[in-house]
Amino acid sequence: MKKSLILTIFITLLSTLYAVDFHELLLKADALASYTESDFSAEYTIVHDKPGEGRDTTVAAIFRRDKIEQYVIIILEPDINRGQGYLKLEDTLWFYDPEGRRFNYSSSKDRFQNSNARNSDFTRSTLADDYIVRSGERVKLGNYDCWLLELEANNDEVTYPIMKIWISDDNLVRKTEDYSLSNQLLRTTAIPSYQKVGIRYIPALIYYFDALEGAVIDGKFVSEKTVISIKKTSFRDIPGNVFTKNFLERSAQ
Amino acid sequence: MKTVNRVKLAVRYFSGHYRRYIFLILAVSFGFAIITTMTSLAAGMYDNVYRAAQQHYGGQLFVLGFHKQYGHLGLIRDDQAVMDAVRKLDVQPDRMVKRTLFFADGILYFAGNSSRQKNVYGVDWDVEADDFAKLDYSEGGSANLSDGKGIIISEPVAEQLGARVGDDVVLKVRTKTGQNNTGTFVIKGIFRDESIFGYYKCYVDRRELNNLLAFEEEDYFSLGLYFNNAVDASELSFQLHSELEKKLPMSSFITRKEEYTFEQGMHWEGIRHFVMTLEIFVSQVSELLTAMNLVSYFLYIMISLIVLVSVSVTYRLIIHERTAEIGTMRSMGFQRGDILGILLGEALLVFAVSLVIGALLSLLVLWIISLFSFSFIPGFEIFMTKGRLLPLFTISDILSNIGLLIIIIFPALLIPSFRASRLELTKALGD
């Protein structure tokens, strides 16, 4: 009895000594997915796959200035949506449609071009700011040894109030699950590979699986999914006039 | 001569010479049938729109609360102040209905399919039990909803989802601060709705919806008041607004839809309350019906003129044929007043028989119309009940139709009768 008590106390002390600081882990993951020290631009190819209905592809040019949380997205393909654009300035997200030559308010929480990605997926990561870690455990995700963290929003304004996140030992986010306030799984995101540009990491492929939308095929539920591949990445400075409405209008001409 | 005798003679002449009146009766019956059909259909169409609007908005007079910072979500928190104001109304409502509304962003999911809902209503099933029982269900109904986990959806939404009664659907909404939230509901009823107010809507328990939206359990967006008797909604609306203004932040007093839209576009902090009548909500439909009524009144006048000419010509001929007969009556000692009384008695009989035949003819036409679906006419479904055009007979419409016919026909009957009664005896017998 005495021996087991000593053993328990010893294990508790040991685990406290070597306890992982989960908040620190989130900060590192955020840092790798945010580019606050330079601008970032890339070409995103977004393939939206609706089971039973086929695929549609959107190509977009993305310009990010993470240090002041601004971004511009210009749709390059398909032709029917060419020239449409998004501009995030402070807390406002504008959507520009060249057909009506009008800017309308949009929400970061809305779906991007009707895909499974959200407008908020194109900005810097703020996991450490918005969530607290409820629990963490070591798990294996494919070939990766990961921390699986259960997150709960610390404010009531984030789109997903509950999340599960898999962070590999190189501090890269490999998978997330997004839940509703009532704990219903809404979306799964997988990032199987990253590309290294200098000292920075950029996802090469991102998969989004919708947990509620899809189709039942041969008696099995098949999720609607979106695959984003990121190419032509650059960390060169972007002129300030890119982050303006005027730029969106000119790009559409 | 006594009036009774004049009536007896009028009946005897009418029954003896009814063949003379057949064309006249047909003309008047036809006119009355057309007018009755048109007015009862117009009333039925308006009634259909009005009832659909009542079901859609949940009342006849409303107090609404809007919280600008909650986006599309409306909210009333000070229930006590609202109830106090209602109690001070000159006419007390027969029923009050509280509803929560999640506008535009609700999505239903089933087996991978989704359906975006224009309106997700949170209702008190027990308070609105009668209204939901009256919906036209294609499957299930409004029973067994008391556990709060039931949902009623429209037929097109059920088809879009591929769902049936008994299936579990997931409803996704956003809380007042924009977080995703979901609830699972069991489909209890699938209703047909072809009203102008759209069928992308569903009904769930108010407290369950409040919970999903992160509202307090007893919060609501609209208080709808129902009145059994005809009331002056504008006057009551003014009273309610005046009372509420003493205690709550209010919009300006609203009398037109445009004012409502303007007020909605303004900026404010917290909750602002609005008092609205159903007539304001359906004003655009009312304007459409008014335009339709103008067309029908034009037809109405044309038909009236045709009837007037037909009656006038026919009755003159009838009187002309009876000139010798009138002369004989005069030679037998009938006074001019007696002749006029008898002729008017006959005219009254013609009129009464024509009304009965016209009413029966109208019922027949309306029954035939009710057999056909007019869904093929784009947008026309808003005026129909279960895909059919149904008439509504109101006392005021029937009386005004009869009155109008009297105004048109009686001069056409009275003038020839009066002239015939004034004929010189020699001239009458000479003809």
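So which residues in segment A:85-111 are surrounded by 15 or more Cβ atoms within 10 Å (Cβ to Cβ) and part of a loop (DSSP other than H, G, I, E, B)?
A:98, A:107, A:108, A:109, A:110
Yes or no, residue by residue, for (1) out of contact with any strand residue (DSSP E or B) (no Cβ under 7 Å at 6 or more places or on another chain); (2) in the same structural domain as residue B:112 (by TED's automatic domain parsing); (3) of a type in the set (Gly, Ala, Ser):
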residue	(1), (2), (3)
B:174	no, yes, no
B:199	no, yes, no
B:202	no, yes, no
B:239	yes, no, no
B:244	no, no, no
B:252	yes, no, yes
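Conditions: (1) away from every other protein chain (no Cβ under 14 Å); (2) in contact (Cβ under 8 Å) with a residue 24 or more places away in the chain; (3) in contact with a helix residue (DSSP H, G or I) (Cβ under 9 Å, 6 or more places away or on another chain). Residue B:175 meets all but one. Number of the miss?
Only one criterion in (1) away from every other protein chain (no Cβ under 14 Å); (2) in contact (Cβ under 8 Å) with a residue 24 or more places away in the chain; (3) in contact with a helix residue (DSSP H, G or I) (Cβ under 9 Å, 6 or more places away or on another chain) is unmet by residue B:175, namely (1).
Checking the structure you have, find out if any residue of segment B:147-166 is within 29 Å of residue A:187 (Cβ to Cβ), of a type in the set (A, V, I, L, M) and within 14 Å of another protein chain (Cβ to nearest Cβ).
Yes: one or more hits.
Given A:102, A:134, A:111, which one is more than 26 Å from residue B:179 (Cβ to Cβ) and without any contact (Cβ under 8 Å) to a residue 24 or more places away in the chain?
Numbers: A:134 fails: more than 26 Å from residue B:179 (Cβ to Cβ); A:111 fails: more than 26 Å from residue B:179 (Cβ to Cβ).
Being more than 26 Å from residue B:179 (Cβ to Cβ) and without any contact (Cβ under 8 Å) to a residue 24 or more places away in the chain holds for just one of A:102, A:134, A:111, which is A:102.
Hey, among the residues in segment A:169-194 that are over 16 Å from the mean Cα position of the chain (by Cα) and surrounded by 18 or more Cβ atoms within 10 Å (Cβ to Cβ), which one's nearest to residue A:222 (Cα to Cα)?
A:184
Regarding residue B:247, is this residue in contact with a helix residue (DSSP H, G or I) (Cβ under 7 Å, 6 or more places away or on another chain), in contact (Cβ under 8 Å) with a residue 12 or more places away in the chain and within 14 Å of another protein chain (Cβ to nearest Cβ)?
On the way: in contact with a helix residue (DSSP H, G or I) (Cβ under 7 Å, 6 or more places away or on another chain): yes; in contact (Cβ under 8 Å) with a residue 12 or more places away in the chain: yes; within 14 Å of another protein chain (Cβ to nearest Cβ): no.
No: the conditions fail for residue B:247.
Can you name the number of the only condition in (1) within 28 Å of residue B:136 (Cβ to Cβ); (2) of a type in the set (D, E, K, R); (3) modelled with pLDDT of 90 or more; (4) surrounded by fewer than 21 Cβ atoms within 10 Å (Cβ to Cβ) that residue B:206 fails?
(4)
Could you tell me how many of the residues in segment A:128-168 are within 16 Å of residue A:69 (Cβ to Cβ), out of contact with any strand residue (DSSP E or B) (no Cβ under 7 Å at 6 or more places or on another chain) and either more than 14 Å from chain B (Cβ to nearest Cβ) or surrounded by 17 or more Cβ atoms within 10 Å (Cβ to Cβ) (or both)?
3
Is it true that some residue in segment B:327-339 is in contact with a Ser or Thr (Cβ under 7 Å, 6 or more places away or on another chain), crowded, with 20+ Cβ neighbours inside 10 Å and not in a loop (DSSP other than H, G, I, E, B)?
First, the residues of segment B:327-339 that are in contact with a Ser or Thr (Cβ under 7 Å, 6 or more places away or on another chain): B:336, B:339.
Then keep just the ones that are crowded, with 20+ Cβ neighbours inside 10 Å; that gives B:339.
Still in the list and also not in a loop (DSSP other than H, G, I, E, B): B:339.
Among the residues of segment B:327-339, at least one is in contact with a Ser or Thr (Cβ under 7 Å, 6 or more places away or on another chain), crowded, with 20+ Cβ neighbours inside 10 Å and not in a loop (DSSP other than H, G, I, E, B), which makes the answer yes.
The values are calculated or read from the model by the stated rules, or taken from the named source; none is laboratory data. Note that this is a predicted model, so its numbers are computed, not measured. A quick note on method: Cβ atoms are made from the backbone with ideal geometry, for glycine too, and the neighbour counts reach across all protein chains shown.
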